[in-house]
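Single-structure report; data block below.
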Amino acid sequence: MQTLTLNNGVDMPALGLGVFQTPPPETRAAVTAALELGYRHIDTAAAYGNEREVGQAVRDSGVPRDDLFIETKIWISDYGYDQTLHAFDKSATKLGVDRIDLLILHQALPTDFDRTLAAYRALEQLLADGKVRAIGVSNFMTDHLTALLEATSVVPAVNQLEIHPYFQQRAVLDFDDRHHILNQAWSPIGGITFYPGYGEHRTSVLEDPAVTAIAKAHGKSPAQVLLRWGLQQGRSVIPKSTKRERIAENLDVFDFDLSADELIALDALETGRRGGPEPDAVTLAAFGRAIPEA
């Protein structure tokens with residue numbers, strides 16, 4: 001497994017299993033399969049409602065805890081300094097761990113950014129206390145990141161974003177690169193996972209002729225080509241699946257390389273169409289919901 005070194009020196013497996021929109025019973029089976037197949041990085045979130053099942057699968061796997069990288073996210077409803085400290089306790093208890101490897105803020109709250117800053121300062125405290133190994137953000141745009149960097153002391157280790165050839169967010173990627181923030185792709189194969197109410201009319205990049213031609217040339221699937229595209233550009237990728245054969249396929253991407261021309265061809269597929277909600281549209285009124293206690 002290829003690893004990436006975060007800006008605080010922590011090593012993270014470059015490819016992980018995501019469990020967004022995976023029902024709790026299916027989550028346990030998917031994580032179990034992934035760990036059996038060789039995954040060592042699992043990405044979940046408080047808002048997914050399946051942290052407990054991730055933890056159960058991890059404990060049952062027999063894989064030593066030090067060999068695993070567990071990542072989760074604080075939901076906007078738990079932003080605020082004390083609230084976020086408590087949110088860590090909720091997630092750690094559900095996951096059954098004393099320390100979380102990567103803890104990130106799930107979204108910015110542009111209309112209540114002071115609450116976002118307070119939540120991030122809580123992450124900084126958890127990092128200082130050794131309760132997390134790295135901290136970061138998700139779905140933060142350049143203006144959110146600029147405001148965060150001006151008001152806090154720890155540069156996020158990761159910014160998790162929607163990234164695939166049809167939606168590349170190059171301005172954010174470039175900003176992150178300049179500030180040594182690792183870009184991590186959710187929906188790295190595009191067109192598979194949709195937020196409710198968003199992206200239903202988006203064409204799947206898996207069916208794009210440029211992608212299928214490259215896949216055929218390498219004897220790989222379109223999904224493997226898209227994951228390879230992300231990995232070769234230095235990103236972390238966290239594809240999701242509940243099917244064992246697909247979970248195995250998504251891991252089998254370290255035995256081939258895309259050529260410079262193939263990378264250029266995939267870069268040229270940008271459409272500018274986002275699959276998830278606009279980050280500036282995220283508000284507590286629209287997206288807030290209580291995260292249950294452990």
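The values are calculated or read from the model by the stated rules, or taken from the named source; none is laboratory data. The shown structure was predicted, so the numbers you read here are calculated from the model rather than taken from an experiment. Cβ atoms come from the backbone with ideal geometry, glycine included; neighbour counts cover every protein chain shown. Please note that ligands, DNA and RNA were not included when accessible areas were found on the heavy atoms of the full protein model with its side chains. Shrake-Rupley method; radii C 1.70, N 1.55, O 1.52, S 1.80 Å.
Tabulated data for the structure shown
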item: Region 262-294, subset more than 20 Å from the chain's Cα centre (by Cα) and of a type in the set (Val, Ile, Thr), residue most open to solvent (accessible area, probe 1.4 Å); result: Ile264
item: Failed criterion for Thr32 (all others in (1) more than 12 Å from Lys243 (Cα to Cα); (2) surrounded by 16 or more Cβ atoms within 10 Å (Cβ to Cβ); (3) polar (S, T, N, Q) hold); result: (1)
item: Per-region count, region 204-220, residues modelled with pLDDT of 95 or more and either touching a helix residue (DSSP H, G or I) at 6+ places or on another chain (Cβ under 6 Å) or aromatic (Phe, Trp, Tyr) (or both); result: 5
item: Qualifying residue in region 109-119 (condition: at pLDDT 95 or above and either β-branched (Val, Ile, Thr) or under 25 Å from Thr242 (Cα atoms) (or both)); result: yes
item: Total residues in region 249-261, condition over 25 Å from the mean Cα position of the chain (by Cα) and surrounded by 11 or more Cβ atoms within 10 Å (Cβ to Cβ); result: 1
item: Gly96 on the phi > 0 side of the Ramachandran plot and in contact with a helix residue (DSSP H, G or I) (Cβ under 8 Å, 6 or more places away or on another chain); result: yes
item: Which listed residue, of Ser153, Ser138, is among the small types (Gly, Ala, Ser) and over 29 Å from Pro188 (Cβ atoms); result: Ser153
item: Among the residues listed as Leu149, Leu123, the single one being free of Cβ contacts under 8 Å to residues at least 60 places away in the same chain, surrounded by fewer than 24 Cβ atoms within 10 Å (Cβ to Cβ) and either part of a helix (DSSP H, G or I) or not hydroxyl-bearing (Ser, Thr, Tyr) (or both); result: Leu149
item: Hits in region 243-281 (condition: in contact with a helix residue (DSSP H, G or I) (Cβ under 7 Å, 6 or more places away or on another chain), touching a residue at least 60 places away in the same chain (Cβ under 8 Å) and not in a helix (DSSP H, G or I)); result: Val253, Leu269
